[in-house]
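Peer 1: Quick one: the structure is below, and I'll ask about it shortly.
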Amino acid sequence: MLRGICRICDMPPKKRARGRPAKSAEATPDQVTEETEIRRKKTQKSKSAGKEGADRDAPVGKAAYCHWLMKSEPESRFENGVDVKFGIEDLKALPNQTGCWDGVRNYQARNFMRDMKVQQLAFFYHSNCKEPGIAGLMKIIKEAYVDHTQFDRSDAHYDASSKPENPKWYMVDVRFERMTKRFLPLAELKKYHLQHKAEGGALGSLALFTRARLSVQPLSAEEFDFVLSLEDRDPI
DNA sequence: GCCAACGTTGGC
DNA sequence: GCCAACGTTGGC
């Protein structure tokens, strides 16, 4: 599902007391997430899922990711009558080259966004387009806060099931950092992935391939460094 | 446009 | 809590 139309959203985070609203029987977003995670583990014992669910204040001792890949669609496509196009050039064109990464409607992706810290770097990945791949880098400049587009009926990613008293979806703010020295095509990353899976190497379990549908994904430092090193290498 | 993979929903 | 049906993602 990726993100939607980007705007500058520097509205006050609306700090809501996240805590026991002593609410109905309805599952909280975090509970739903945990269930989803558990199911995922049962059905496909994937490992590097990262930290799960629940808490954004990472418990000590859990490996914390600090590099990311975020997908967005650089070509026009209409969802609920709204164009969701948002490529790296669109981010670059915004005031301060800064925007909010709204529209994420998947619990795992949301949880990864809530793990993000200011100053961390993320790859800007172009998906669902002619040439999928990594186009550039951006920096996280504001940690997760409520994605207001979930309440907006006219938004491509309006979610009628989410209530302001208990929002489901979050977003972060990002700033364009730079283009990669060359575009890093998915096909090339995949070649390395397959090679590394067979013979060992940094990209052997890259989430881009092991969890292909996740629109916000973590990379280990080793994965991140290897991918970045490709910009100085000849395409294969 | 096709369709495989996988996340979500809801009946039981 | 299982699981079939359904919906979405995203490469090709």
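The values are calculated or read from the model by the stated rules, or taken from the named source; none is laboratory data. Just so it is clear, the structure is predicted and the values come from calculations on it, not from any experiment. Ideal geometry is used to build each Cβ from the backbone, glycine not excepted, and the neighbour counts take in all protein chains shown. Ligands, DNA and RNA are stripped out before the accessible areas are found, and what is left, the full protein with its side chains, is counted by its heavy atoms. Shrake-Rupley method; radii C 1.70, N 1.55, O 1.52, S 1.80 Å.
Peer 1: Taking only pairs that are 8 or more places apart or on different chains, how many Lys pairs in segment A:109-236 have Cα atoms under 17 angstrom apart?
Peer 2: For segment A:109-236, qualifying lysine pairs total 4.
Peer 1: What number results when the radius of gyration of segment A:92-149, computed over Cα atoms, is divided by 2.2 N^0.38 Å?
Peer 2: Numbers: Rg = 12.3 Å, N = 58, 2.2 N^0.38 = 10.3 Å.
That ratio works out to 1.19.
Peer 1: To the nearest 10 square angstrom, what accessible area does A:ARG178 show with a 1.4 Å probe?
Peer 2: Taking all protein chains as shown, A:ARG178 has close to 80 Å².
Peer 1: Right, another one. Taking the Cα centre of segment A:65-232 as the origin, how large is its charge dipole in debye, to the nearest 20, when only Lys and Arg (+1) and Asp and Glu (-1) carry charge on their Cβ atoms?
Peer 2: Details: 23 positive and 24 negative charges, 38 e Å.
Rounded to the nearest 20 debye, it is 180 debye.
Peer 1: For segment A:65-232, what size does the Cα cloud have along each of its three principal axes, sorted from largest down, in whole Å?
Peer 2: Principal-axis extents of the Cα atoms in segment A:65-232, largest first: 50, 28, 28 Å.
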